[in-house]
Structures are given as C-alpha cells and as structure tokens.
Amino acid sequence: MAKVAIMGYGTVGSGVYDIIKTNADKLSYSANGEKVELKYILDIRDFEDHPEKELFTKDFNDILNDGEVSVVAEVMGGLHPAYEFTKSLLESGKSVVTSNKELVATYGTELLEIAREKNVNYFFEASVGGGIPVIRPMHQCLTANNIEKIAGILNGTTNYILNQMIKSGKTFETALKDAQDKGFAERNPAADIEGHDACRKIAILASLASGKMIDYNDIDTEGITNITLDDVKYASAMDSAVKLIGYADFGKDGKIYSIVAPMIIKNESPLSGVDGVFNAVMVTGDCVGNVMFYGKGAGKLPTASAVVADVVDAVKHKERSKKIFWEKPDGNVMADKDSKRFAYFIRTTDSAEKVQKIFDKCEFVDNIVDNESAFVTQPMTKTEAENKLSELSDVVTNIRIMD
Ligand code: HSE
C-alpha cells in the first residue's frame, strides 16, 4: 500500500483526487499491484461538503511528519510556499511530483539535485504540455539523439484564444474569459497571454534536452496581446495560422537560441492545425528526425492524468532515483539574439514604394485592411528587423514567420 498526499485542491488537485478514486484498480495494476491510497489533501480553504472531508488538512507538517506518506503531488502552483514544501519533502525522503512549471523552471536544478542525493524522485511530466507525454519520451526514448530543435505550442489558453478569434469571431477578451471559465488559464492570465507560461515550459524542455539549466529570464519573450483579428485573417489568407511558439535551436557549438513569440506558421506544418486547448511539441533529433507530441495541454483531467502517472511511477520507484536532472552551466549557454534569422510579416500605413526602398526584396500580400501595406520580408536578424522597422512611419504589426 502506497500512501500519497495532494497539496492544493484547485482545478488540477481535484482532478488528481478524481483519478485516484475512479481509476484505483488501474493505478494499482500499473503500480505492480501496490494500492495507491490518498491520505491527505492540503489546502487552506474549507471543504466541509466534500465526501472525504476528513482527508483535508491546513497543516503541511501533517504530511511532512507522516512516515507513511511516500509520494506527494504538489499541484498548488506558484513559487512560495511550493518551493519550501517541496524542498522539505524531498529532504525528508519523500518523492514529489508536480505540474508546477514555474517552480520547475525556477528551482528545478536544486530540487532535482536534492532528489538525487536523497535517492527519491522529483517528477514533472505535467509541467509541460498538460496531459501530453513529452518529458519522459524526451528523457528516455529520445536519449540517443542530440536534440537540434524544439518548436512547440505550449500554452493552451493562448492557442484557445487565437483559435476562437478566427473560428468564432470572438474578441480577445471574450475568448480569454472562456479559457478562464474552462480552467485553462493561470491564476493571473497575464502569465499566459504575455508568454511567460510558454517561456517556462520551453526553458524546461531546453534544459532537459541540453542537460544545462536554461534560465527562462534569458529567453526573449513576447505574448499575443498585440495580435488582432486582422492579423489572424491575413495569416489565414496566406494559408497559414498565427500561433504562440516556444522555440529552441541547439547549435553545434553548444549554444542555444531560444525565443517565445507569436509566429506565422504555414498550413503545411503539422503545428498549424493544432487548435483550441491542444498543445503540440515538435522535437528534431539528429537520429530520429522530427517527432511530434500532441494532446490536451491544459485542463483538469488531462493535466491530472500526467500528475497521477508520475505518482504511479514514483510508487514503482520508491528508494530509487530515476536520475532526471540538468546542471548549472559554467558559462553562458545562450546564443546571441542575432544568431537566428526569421522572415517577418509586417503591416504599415506607409506606401509600397517606401516599404520597397527600406526592405528591398519583400513580398507584398493582398490587402485585407484598406490604406496599408502588408508584406513578408527576407529572413533577417532581430537587430536588422528593428533597424528597418524604425525607418517606417508606423508599424501596425510585425510577426515572425517560423522556419
Ligand atoms: N495556463 C496553462 C495553459 C495551463 O493555458 O497552457 C497548463 O500549463
């Protein structure tokens, strides 16, 4: 019998509870016959009407000091006190599994090291891509490869918003409200729409792929707040779609170029058809080529599915650390922001003649909005793009085109 605890009874925590209860037999079968029993749920709120209200505690020490509890699911989110709780649990010899991408991206190096020292596990499958298996496949099945590139739709909320704008003609605000109601959005949805959530996720994937800790603060991050319905219509007319992309390119020199930004993706790419709350991660390995992971990236049961899978894996590997880790690099591993060239889709009220003079070889796109020039540039660095854009009288839109 494995006794487990849940910390945080929000959207994901209640999903973890539901799965442990409804799929008990399946979990026991998967855990080599060991029954997975829930002993505590930690939450500061009252749940007087809950059918198992006796499981609830407001005191973290109940879990920490209970020698029977071997695995804890941290699904409370945020950095504090999740960091302090996780650290204490790992140090006391309990395994912890989490969906908390902010915590993994910020303190993952230290927490993974503690887990390794204590011979327990810190698993975080649900931290990237919700219910999509991507952390384990990258760590295990793709381990023979040098990873060359990762490009992913890593945030369900923004993907849902962009999709609702084009398919249902909803405004940005209405689509965001829908995403919040469905439990996809972060407590502070700015983390979704400004790209920070996707940034933490690409930092985790890039750290895993390279074995070096990628600090998410070093990743150039743009959200979707400037994307308008007209931009989405232009993309559609160009047989493409606008998606918020987490991107990492691993150079042969060991340097990593990474960015989070809205990008225009040709419909021929499998990423362009990834709609709604679905996420997809395209990984390019030097042996395997392109591999794509696809599924629901947010929401109660999809995310809880990955958390509970980690619980079972931790139960199966009690007292045996699975050695998932990355290290702090000696020097700077991030490539210069100008080491990568993208073509840009630009809209301006300047004339085509002026545009042509500044951008030289560019391709004009049929107008959807009157009295503006819309065009695609040649591939250029960020600095080159900034310099040329500063010569225009105004820039209605500039969006990278994914290679
Ligand atoms: N807010 C996140 C998203 C939840 O929309 O993808 C899953 O990490």
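The values are calculated or read from the model by the stated rules, or taken from the named source; none is laboratory data. Since we're looking at a predicted model, the values are computed, not measured. Note: ideal-geometry Cβ built from the backbone for every residue, glycine included; neighbour counts use all protein chains shown. Just so you know, the surface numbers come from the protein's heavy atoms only, side chains and all, with ligands and any DNA or RNA stripped out. Shrake-Rupley method; radii C 1.70, N 1.55, O 1.52, S 1.80 Å.
What are the equivalent ellipsoid semi-axes of the chain, built from the alpha-carbon gyration tensor (square roots of five times its eigenvalues), in whole angstrom, biggest first? Don't jump to the answer; show the numbers that get you there.
On the way: eigenvalues 350, 106, 56 Å².
The answer is 42, 23, 17 Å, longest axis first.
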Query - Spin-label proximity, Lys21 to region 46-75 - amide N less than 19 Å from point 7 Å beyond Cα toward beta carbon - result: 46-58, 73-75
Report summary line: Taking a crude spin-label model, label points 7 Å out from Cα along the C-beta direction, the Glu37 to His139 distance in nm is 2.8 nm
Query raised in the report: Cα-Cα over 29 Å: which of Lys26/Lys296; Lys182/Lys316; Lys39/Lys316; Lys3/Lys328?
Result: Lys182/Lys316; Lys3/Lys328
Requested in this report: Please give the net charge around Asn226, taking every other residue with its beta carbon less than 12 angstrom from that of Asn226, where Lys and Arg add +1 and Asp and Glu add -1.
Outcome: -3
Query raised in the report: Considering only protein heavy atoms and a 1.4 Å probe, what is the carbon-and-sulfur percentage of the accessible area of the chain?
Result: 47 percent
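Within the chain, what's the longest run with no trypsin sites (Lys or Arg not before Pro) in a DSSP loop and at most 12 other beta-carbon atoms within 10 Å? Give the range, please.
Values: sites that count: Arg45, Lys58, Arg187, Lys252, Arg320, Lys323, Lys361.
Longest gap between qualifying sites, sites excluded: 59-186.
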Query raised in the report: Based on the Cβ-Cβ distance from Asp286 to Glu386, what FRET efficiency comes out when R0 is 35 Å, to the nearest 0.05?
Result: 0.60
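Which net charge results for the neighbourhood of Ile6, defined as the other residues with beta-carbon distances under 10 angstrom from its beta-carbon, given Lys and Arg at +1 and Asp and Glu at -1?
Charge balance in the 10 Å sphere: -1.
At 1.4 Å probe radius, can you tell me the per residue accessible area of the chain in Å²? Please report the intermediate quantities before stating the final value.
Details: 17250 Å² over 403 residues.
Per residue, the chain has an accessible area of 43 Å².
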Query raised in the report: How long are the semi-axes of the ellipsoid equivalent to region 217-295, from square roots of 5 times the Cα gyration tensor eigenvalues, in whole Å, largest first?
Result: 24, 17, 11
Report summary line: Taking R0 as 41 Å and r as the Cβ-Cβ distance between Ser351 and Glu268, the FRET efficiency 1/(1 + (r/R0)^6), rounded to the nearest 0.05, comes to 0.80
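Taking 0.36 nm per intervening residue step and subtracting the Cα-Cα distance, what contour gain separates Asp62 from Asp220 on full extension?
Working: separation 158, 0.36 × 158 = 56.88 nm, distance 4.16 nm.
Extra length from Asp62 to Asp220 when fully extended: 52.7 nm.
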Report summary line: Unit-weight point scatterers at every alpha-carbon of region 1-81, Debye formula, q = 0.13, 0.16, 0.19 1/Å: log10 I(q)/I(0) is -0.39, -0.59, -0.83
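Just subtract the alpha-carbon distance of Ser168 and Glu113 from 0.36 nm times their residue separation and send over the number in nm, one decimal. Display every interim value, and only then the final one.
Numbers: separation 55, 0.36 × 55 = 19.80 nm, distance 4.69 nm.
Once the chain is fully extended between Ser168 and Glu113, it gains 15.1 nm.
Over the chain, what is the percentage of antiparallel beta bridges among all DSSP beta bridges, to the nearest 5?
Just about 60 percent of them are antiparallel.
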Query - Accessible area (Å², 1.4 Å probe, nearest 10) - Asp43 - result: 20 Å²
Query raised in the report: Which net charge results when you count Lys and Arg as +1 and Asp and Glu as -1 among the other residues whose beta-carbon is under 15 Å from that of Ala126?
Result: -2
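Obtain the radius of gyration and the Kirkwood radius of region 256-395 from its C-alpha atoms and give Rg over Rh.
That ratio equals 1.11.
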Query raised in the report: Kirkwood hydrodynamic radius (Cα pairs, Å) of region 74-121?
Result: 10.3 Å
Query raised in the report: Which length gain, in nm to one decimal place, applies between Val395 and Lys255 when the Cα-Cα distance is subtracted from 0.36 nm times their residue separation?
Result: 47.2 nm
Report task. Please list, or write none, the lysines whose alpha carbon is within less than 18 Å of the alpha carbon of Lys177, excluding same-chain residues fewer than 8 places away. Result -> Lys167, Lys300
Report task. Could you pull the Rg and Dmax for region 75-181, using just the Cα atoms, both in Å? Result -> 17.4, 53
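Enumerate by residue number the GluC sites (Glu not before Pro) in region 141-190 meeting two conditions: DSSP loop (anything except H, G, I, E, B), and at most 16 other Cβ atoms within 10 Å of the site's Cβ. Could the numbers behind the result be given before it?
Working: sites: Glu148, Glu173, Glu186; in loops: Glu186.
Passing sites in region 141-190 do not exist.
So for region 322-403, Kirkwood radius off the Cα pairs, Stokes-Einstein at 25 °C and 0.890 mPa s: how many µm² s⁻¹?
Values: Rh = 14.5 Å.
The calculation lands on 169 µm²/s.
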Query raised in the report: Can you give the relative contact order of the chain as a percent, counting alpha carbon pairs under 8 Å and 6+ residues apart?
Result: 18 percent
Query raised in the report: Would you list His80, His196 from the most to the least accessible area, probe 1.4 Å?
Result: His80, His196
Query raised in the report: What pairs in Lys212/Lys323; Lys266/Lys361; Lys94/Lys322; Lys255/Lys357 have C-alpha atoms more than 24 Å from each other?
Result: Lys255/Lys357
